[in-house]
Amino acid sequence: HTGKLDFRDKEGELTLTVIPAQQEEKTVTKALSGGEKSFTTIAFILALGNNVSTPFRAMDEFDIFMDSVNRKISMGLLIKEASSKLRNQYIFLTPQDINGIPTKPNIRIHKLAAVDRGQQHISFPSNRNA
């Protein structure tokens, strides 16, 4: 993808124009597919991250509409970014399969147990010493 930001301060408008990979015509984000919007959002956030200093960066379900190819590319970009910024903490939440995600020495992946959709109640251990 390539793109351009058109920032009109007086009007209070920000327009993002995108040329998706393997296309020649630019388009506004409203015309993109769900996966293209997700990929564009990640590219935009990564670009902003180079200009904004924050100790934590979190993304939730950022890959929900992506196909497997764009998801793999996006995860690679995010892992590379997280690995290069050792003073920041990154949190990526996804309901998608995380097998095959590249790991680095400073990257920890936590996988939650699958949800039991038929579960009727939540069991908590008893705390009789309280």
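A short reminder: the numbers here are calculations on the coordinates, not readings from a lab. Just so we're clear, the structure is a prediction, and the values are computed from it rather than from any experiment. Note that we place each Cβ from the backbone using ideal geometry, even for glycine, and neighbour counts take in every protein chain shown.
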Problem set entry | Under 14 Å, Cβ to Cβ, from Pro95 - net charge with Lys/Arg +1 and Asp/Glu -1 | -1
For this session: In nm, give the distance between the simple-model label positions of Leu14 and Arg108, each being 7 Å from the Cα along the Cα-to-Cβ direction.
Result: 3.2 nm
Seminar exercise, completed: Counting Lys and Arg as +1 and Asp and Glu as -1 over every other residue whose Cβ sits under 13 Å from the Cβ of Lys72, the net charge comes to -1
Problem set entry | Rounded tilt (10° steps) of 68-84 against the dominant C-alpha axis of the chain | 80 degrees
Exercise. Angle between the Cα long axis of helix 34-49 and the longest principal axis of the chain, 0 to 90 degrees, nearest 10?
Worked result: 90 degrees
Exercise. How do 71-84, 47-60 rank on mean C-beta neighbours within 10 Å, highest first?
Worked result: 71-84, 47-60
For this session: Multiply the residue gap between Asp97 and Ala21 by 0.36 nm, knock off their C-alpha separation, and tell me the result in nm, one decimal place.
Result: 24.9 nm
Problem set entry | Value at 222 nm in deg cm²/dmol, rounded to 500, when DSSP H runs of n ≥ 4 in the chain each add -39,500 (n - 2.57) | -8500 deg cm²/dmol
